[in-house]
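Visitor: Have a look at the structure that comes next, please.
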Amino acid sequence: MNWQLFVSFRYLTSKRKEKFISIISFISIIGVAIGVGALIIVLGVMSGFDSELKEKLIGTTSHISVESEYGMAPTAEFLSKITGTKHVTAASFFVNGQGLIRRNEDAVGVILKGIVPQDEVKVTKLGEYLKRGTLDIGKDGMVVGSELASRFGLKLGDKVNVITSAESKGKEFRVVGVFTSGMYEYDANMAYIDIGRAEELFNVPGLVSGATVKIDDAMNAPEVKASLIQQMRGLAMVRTWMDMNKNLLSALQLEKTVMFIILTLIVMVACFNIVSTLIMTVLEKTKDIGILKAIGSTSGNVMAIFAMQGAMIGFLGTALGAAIGVALAWLLKTYKFISLPSDIYYIDKLPVKLELQDIALVVISSFLISLVATVYPSYKASKLDPVEALRYE
């Protein structure tokens, strides 16, 4: 064992005359541990919410949307061009537009989406979100969101009138299914109908709004978008799920970054205890420093002793905090003993997702902060004059 490491370890573990210094060392370790543990848990919860939200966003829309402002012909050639693109696994035509749903005296504006049910379930999670009824829409069927159904008190088989700018008299539809995506905006404002019926409602015979596209990995969306843009040659607009939710995703990332910075301050405050511990240790060990220098130890050797002592405090605190943080996050994820009001968050349990890069970032940051905290007291110890240190001994 390196002799500087041996001496620093003895300084950290030996019984001191000043018990107060030992208490501060213990507090320093606990302080760093609390900061690291809290940081890992909070980042795990933030990542959990982020993952849950992204899953719901992708499930209710699609990975990529290829749309035309003026409509496009739903040809097999066009669809095969999309499905032939690398990473694309499925595609489905749709007709999108705004309409007004009326039942008795009540009316509300909604987004009407005309779909081919058997193709739609391949590109979105509409089939998984269906809670009641069926996706067998037929010509006059409609699938509505649970919030929209609750607002009108709709049950399976109930009839509603749909009015659009092109169909002012309205057409009657029968509710055949109710879905719950967990996203309030979609559940309260979306309704699915047959794609052919949608063409009639919006007076676009033989045309569709575009195609929804599913790919093998949602993170490949930008790459696939670039390929599709080249193929479309300006005939259609290509948007990824990231483009459609850009502001929300940016806000989530900013919130996670801010939380990391704020909680890192806890670790920094704890590391100030390391500074005070080392300064008091230097004062207590003045005689020892004088003897070490008198027998030939260099300033670098002395500096290394106290830097290693501070690093050990930081390492112990970081390791303990990481263990506590990972253990608590695992318990939260496995046993889900913290409940959330589902009517507000649409998630009944606290979501937790531990990511290796987050844990590594926390551990490395904490240890580096601990090392920085050792610089000043270690430097001051290395500059002690052995003559002055031993004068009154």
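Visitor: Restricting attention to segment 54-93, which residues are assigned to a helix (DSSP H, G or I), under 30 Å from E147 (Cα atoms) and of a type in the set (A, V, I, L, M)?
Guide: The answer is L57, I58.
Visitor: On to the next question. Against the condition surrounded by fewer than 18 Cβ atoms within 10 Å (Cβ to Cβ) and either hydroxyl-bearing (S, T, Y) or touching a strand residue (DSSP E or B) at 6+ places or on another chain (Cβ under 8 Å) (or both), how does T61 come out, does it pass?
Guide: no
Visitor: Follow-up. Where in segment 232-295 are there helices (runs of 4 or more DSSP H), lying wholly inside it, with at least 1 residues that are under 20 Å from M219 (Cβ atoms) and free of Cβ contacts under 8 Å to residues at least 60 places away in the same chain?
Guide: 241-244, 246-284
Visitor: Kindly list the number of the only condition in (1) buried (at least 16 other Cβ atoms within 10 Å of the Cβ); (2) under 30 Å from Q4 (Cα atoms) that fails for A236.
Guide: Every condition holds for A236 apart from (2).
Visitor: Separate question: Do we have G325 as within 34 Å of the chain's Cα centre (by Cα) and either modelled with pLDDT of 80 or more or surrounded by 21 or more Cβ atoms within 10 Å (Cβ to Cβ) (or both) here?
Guide: Taking the combined requirement at face value, the residue satisfies it.
Visitor: Keeping to segment 197-231, report how many residues are farther than 18 Å from K86 by Cβ, in contact (Cβ under 8 Å) with a residue 40 or more places away in the chain and charged (D, E, K, R).
Guide: Adding up the residues that qualify gives 2.
The values are calculated or read from the model by the stated rules, or taken from the named source; none is laboratory data. Here the structure is a predicted model, which is why all the values come from computation and not from measurement. Counting neighbours? That spans all protein chains shown, and the Cβs are built from the backbone with ideal geometry, glycine included.
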